[in-house]
Amino acid sequence: MNKALTRRILWGLATTLLALVSSATPALERTVPSTADHKRFEELQGPFDSGPDVTEACLGCHTEAADQLQATTHWTWEYLHPETRQLLGKRHVVNSFCGSVASNEPFCTSCHTGYGWKDMRQEPPIANNRVDCLVCHDTTGDYWKSPTGAGHPAYELLDPADEGARQPPDLARVAQHIGPSDKQNCGSCHFYGGGDDGVKHGDLDSSLINAPLSLDVHMSANGADLACADCHTTSAHSVSGSRYLATARDTQGIDVPGHTDFSRASCESCHGVEPHGSTKLNEHVDQVACQSCHIPEFARGGVATRTWWD
């Protein structure tokens, strides 16, 4: 059997299985139930005075989690490019529309996966209890960080005179309701980068949380109903995909055991290297990025984006 036919068979089986699973049950029902009910853990009953106090409780069971996270770019905000040897990352570059972070560290680091990083000329605090478990694993939607708190959540009302002010999160309740990362978790930072909804990227904004099928076939509940982590898979808290070393074309195709990277975050890792029924269209895949045809516009979900910031 030649390789092209083998790929077609594998692709057909994969797409058929995805269609059957997606149409049969919602994504939340497909999730394997946790073997632990965190509401029953004595260590999580609280009350907690701070985010680091919650992390101390988490690390009592998840003993390696902090060390794992602190080795990732979500923690270091650094990236040593393996080819050019440039030291990149948010700490070192003029970061898109965000500009330089040097004058506004507490605001920028409100999206850091840790607590208390106030001076980005120094390393982030490396104490294990400075890791923020809740920002990625909260399932209540009630956990939020203070805009100028250097990663800490709000511990009291930011404006006591404002009767409609958002209440500080109940840390004990959030700690008892944690789970796998969903769109809301990733979006709490990635949708609002640059200071507002959709400003920084144009393809990432709050419209993806309840996306209609016309906006995104992958994330829509009427489509594949995927979360970010379904493609940006994670190993030891390191998330696949890189803006500095993007995979323009995945020549290995469908993601199966044996791949050298064993990660998704590319179109081909799900759709294969010959995704079209037409041979002529598949010839285009060798040179033309999938996005060129399949993402012809951005900021399409009703959330405006900034296109010029001088």
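Does residue 115 satisfy the condition of being under 19 Å from residue 188 (Cα atoms), surrounded by 14 or more Cβ atoms within 10 Å (Cβ to Cβ) and in contact (Cβ under 8 Å) with a residue 60 or more places away in the chain? For residue 115, the condition - under 19 Å from residue 188 (Cα atoms), surrounded by 14 or more Cβ atoms within 10 Å (Cβ to Cβ) and in contact (Cβ under 8 Å) with a residue 60 or more places away in the chain - is met. When you look at residue 207, is it in contact (Cβ under 8 Å) with a residue 40 or more places away in the chain, of a type in the set (S, T, N, Q) and outside the structural domain of residue 132 (by TED's automatic domain parsing), yes or no? Criteria met by residue 207. A single entry from 164, 141, 89, 151 fulfils the requirement of being in contact with a His (Cβ under 8 Å, 6 or more places away or on another chain) and not aromatic (Phe, Trp, Tyr): 151.
Every test in (1) farther than 24 Å from residue 202 by Cβ; (2) in a loop (DSSP other than H, G, I, E, B); (3) modelled with pLDDT under 95 is passed by residue 143 save one, and that test is (3).
Report yes if residue 138 is closer than 29 Å to residue 61 by Cβ, touching a Pro at 6+ places or on another chain (Cβ under 9 Å) and not β-branched (Val, Ile, Thr), otherwise no. So residue 138 fits the description; yes. Among the candidates 107, 191, the residue that is without any contact (Cβ under 8 Å) to a residue 24 or more places away in the chain, within 27 Å of residue 301 (Cα to Cα) and among the hydrophobic types (A, V, I, L, M, F, W, C) is uniquely 191. In the stretch 174-196, which residues are among the acidic types (Asp, Glu) and surrounded by 16 or more Cβ atoms within 10 Å (Cβ to Cβ)? Selection gives 182 alone. A count restricted to the stretch 166-196 and to residues that are within 30 Å of residue 35 (Cβ to Cβ), among the small types (Gly, Ala, Ser), within 13 Å of the chain's Cα centre (by Cα) and not in a helix (DSSP H, G or I) stands at 1.
The values are calculated or read from the model by the stated rules, or taken from the named source; none is laboratory data. Computed from a predicted structure; not experimentally measured. Reconstructed Cβ throughout: ideal geometry from the backbone, glycine too, with neighbour counts over all protein chains shown.
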